[in-house]
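These notes concern the structure reproduced below.
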Amino acid sequence: MGENDFISINIAVVTISDTRELKNDKSGDTLVDRITQFGHKVTVREIVKDDFNKIYDLFSKLIKIENIDVIISTGGTGLTGRDITPEVMNTIFEKNIDGFGEMFRWLSFKKINTSALQSRALAGVANGKYIFNLPGSPSACKDGWDEILKFQLDVRHKPCNFLEIMPRLQEHKFSRSKN
């Protein structure tokens with residue numbers, strides 16, 4: 001395999017919402033369409049209610065599935081009382097990817113001005129898997145994928161990308177066991 005060859009990965013898409021079902025999940029559909037058109041595989045598609053324990057249980061299960069490399073969710077990142085995705089993720093993440101939320105809000109600012117402040121988009125790593133949490137609108141999913149994720153989830157993207165360091169995400173677990 002050459003240095004410039006595309007590497008397809010397995011991605012789980014999760015919609016976090018009290019009101020969505022597969023038949024009306026436009027944000028989830030947007031992600032699935034973009035991911036598969038780019039050449040990656042969607043191996044899991046789930047919808048979960050805005051409930052702390054249900055979200056926690058689902059993500060805890062997904063990070064243990066061997067053939068999932070990345071989890072991308074949509075929904076639950078706003079400021080209302082039911083928006084609890086960041087609170088759940090803070091109990092799951094081993095490491096935060098702070099720059100993702102910062103970059104997402106910067107890109108959003110260029111489109112929706114100061115309303116971008118209302119987004120709590122975030123990302124992190126758990127059990128060797130990347131988790132990206134996008135807002136619940138199709139537009140936010142398009143922006144997150146088209147402007148950030150399609151590049152960082154492409155091993156051909158230079159000078160660096162998330163895929164090339166993926167094999168090293170769990171190094172800390174091995175170094176701890178030696179001590």
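Values in this text are rule-based calculations from the coordinates and carry no lab data. Please read all numbers here as calculations on a predicted model, not as lab measurements. Ideal geometry is used to build each Cβ from the backbone, glycine not excepted, and the neighbour counts take in all protein chains shown.
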key: Summed side-chain charge close to GLY124 - residues other than GLY124 whose Cβ falls under 10 Å, Lys, Arg +1, Asp, Glu -1   = 0
key: Interchain or long-range residues, amide H under 5 Å from VAL42's placed H   = ILE11
request  = Which order do the peptides 101-112, 68-79 take when ranked by the mean count of other beta-carbon atoms within 10 Å per residue, highest first?
outcome  = 68-79, 101-112
query = So which aspartates and glutamates can LYS142 reach, going by Cα to Cα under 18 Å and dropping same-chain residues fewer than 8 places off?
reply = ASP25, ASP29, ASP33, GLU102, ASP154
message = Just the number: Rg to Rh for region 1-74, Cα atoms, Kirkwood Rh, two decimals.
response = 1.03
note = If the chain between PHE38 and ILE112 were fully extended at 0.36 nm per residue, the gain over the current Cα-Cα distance would be 24.0 nm
ask   = For the chain, with only Lys/Arg (+1) and Asp/Glu (-1) charged at the beta-carbon, what is the dipole magnitude about the Cα centre, in debye rounded to 20?
value = 140
ask   = Rounded to the nearest 500, what is the chain's calculated 222 nm mean residue ellipticity when only DSSP H runs of at least 4 contribute -39500 (n - 2.57) each, over all residues?
value = -10500 deg cm²/dmol
query = Relative contact order, percent, of region 10-178 when contacts are C-alpha pairs under 8 Å separated by at least 6 residues?
reply = 23
query = For GLY39, what charge total do you get from the other residues with a beta carbon under 12 Å from its beta carbon, if Lys and Arg give +1 and Asp and Glu give -1?
reply = +2
query = In Å, what is the Rg of the alpha-carbon atoms in region 10-178, and how long is Dmax?
reply = 15.2, 50
query = Which pairs in the list LYS23/LYS95; LYS64/LYS111; LYS26/LYS129 are over 32 Å apart, alpha-carbon to alpha-carbon?
reply = LYS23/LYS95; LYS64/LYS111
task = Quick one: which residues, 5+ away or cross-chain, put their amide H under 5 Å from the amide H of ASP154? H built at 1.01 Å from N.
result = PHE162, LEU163
message = How charged is the neighbourhood of ARG105? Take every other residue with its Cβ under 15 Å from the Cβ of ARG105, and add Lys/Arg as +1 and Asp/Glu as -1.
response = -1
